[in-house]
1. Output the relative contact order of the chain, whole-number percent, from Cα pairs under 8 angstrom with separation of 6+ residues.
2. With a 10 Å Cβ neighbour count serving as the proxy for reagent exposure, in which order, fewest first, do 81, 237, 159, 211 appear?
3. Assuming R0 = 25 Å, what is the FRET efficiency of residue 219 and residue 171, from their Cβ-Cβ distance, to the nearest 0.05?
4. Counting each DSSP H run of 4 or more residues in the chain as -39500 (n - 2.57), what helix-only mean residue ellipticity at 222 nm follows after dividing by all residues, to the nearest 500 deg cm²/dmol?
5. Subtracting the Cα-Cα distance from 0.36 nm times the residue separation, let me have the gained length for residue 34 to residue 94 in nm, one decimal.
6. Between 59, 105, 78, where does the largest GNM mean-square fluctuation fall for the chain, given springs only between Cα atoms within less than 10 Å?
7. Length gain on complete extension for the stretch residue 65 to residue 141, per 0.36 nm per residue less the alpha carbon to alpha carbon distance?
8. Where does segment 48-118 land on the Kirkwood hydrodynamic radius, alpha-carbon pairs, in angstrom?
């Protein structure tokens with residue numbers, strides 16, 4: 001089902017051959033488990049490769065899914081909690097050792113540019129010795145950023161909106177979600193939340209909602225998804241209480257939600273549907 005929205009998805013070209021796909025590299029909460037690594041997602045769009053967050057060990061897991069780190073065009077970070085960024089430094093170093101030449105873009109909340117530069121400096125890596133151009137962007141919420149045929153619009157969440165954090169870190173203590181428009185599809189990535197209702201202004205036209213379950217109960221998420229008529233929900237960033245009992249999530253959704261539900265595991269692959277496809281496919 002498609003509905004009208006303010007930012008229309010980019011139309012697919014006639015030449016698009018490689019199916020667009022989301023691969024869950026890690027599906028855990030901030031506490032990785034034996035079966036789940038820290039959060040990170042590989043996204044292919046019109047033959048290009050991108051990362052959403054970079055939790056450990058994302059830089060290594062790319063190989064598990066036959067993806068080459070040097071092919072990553074850009075990394076989009078939701079916020080700077082370690083479970084979402086711990087593999088970033090290794091990824092930058094890894095690309096240097098792989099003799100990468102192509103530019104790499106890193107997007108993230110305010111402070112990202114300085115944090116990445118310090119990360120390189122503290123690792124005794126000089127930016128001019130990386131061997132590839134590194135483009136660092138401090139994003140502004142509600143502005144769109146374009147990479148090839150991918151358009152990403154960040155929005156602020158309440159995850160880090162605590163007085164103590166604001167006093168200590170100011171506007172750098174910012175967490176975000178993302179509206180991701182590809183060739184004929186729209187994905188909303190929740191990032192970390194305090195309430196599903198934070199997604200309300202951004203959910204229109206969403207084909208796939210990637211929703212965290214580290215901070216919210218399943219029933220709240222199911223109620224929101226049902227009310228918003230989201231056609232497909234991918235539950236990820238899964239807390240320890242659901243790690244070995246994902247059926248509890250399914251049970252909560254079954255009572256309320258009538259759309260397509262996928263509870264992520266590491267390695268879950270979701271084929272992204274263009275407007276010409278009837279359903280988003282899931283492979284494990």
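1. Normalised by residue count, the contact order of the chain is 20 percent.
2. Listed from fewest to most nearby Cβ atoms, that is 81, 159, 211, 237.
3. It comes out at approximately 0.15.
4. After summing the helix terms and dividing by the residues of the chain, the value is -6000 deg cm²/dmol.
5. 19.1 nm
6. 105
7. 24.2 nm
8. Result for segment 48-118 stands at 12.2 Å.
Where a number appears in this text, it was derived from the coordinates with a stated rule and is not lab data. Since the structure is predicted, the reported quantities are computational estimates derived from the model, not experimental observations. Every residue, glycine among them, receives a Cβ derived from its backbone with ideal geometry; neighbour counts consider all protein chains shown.
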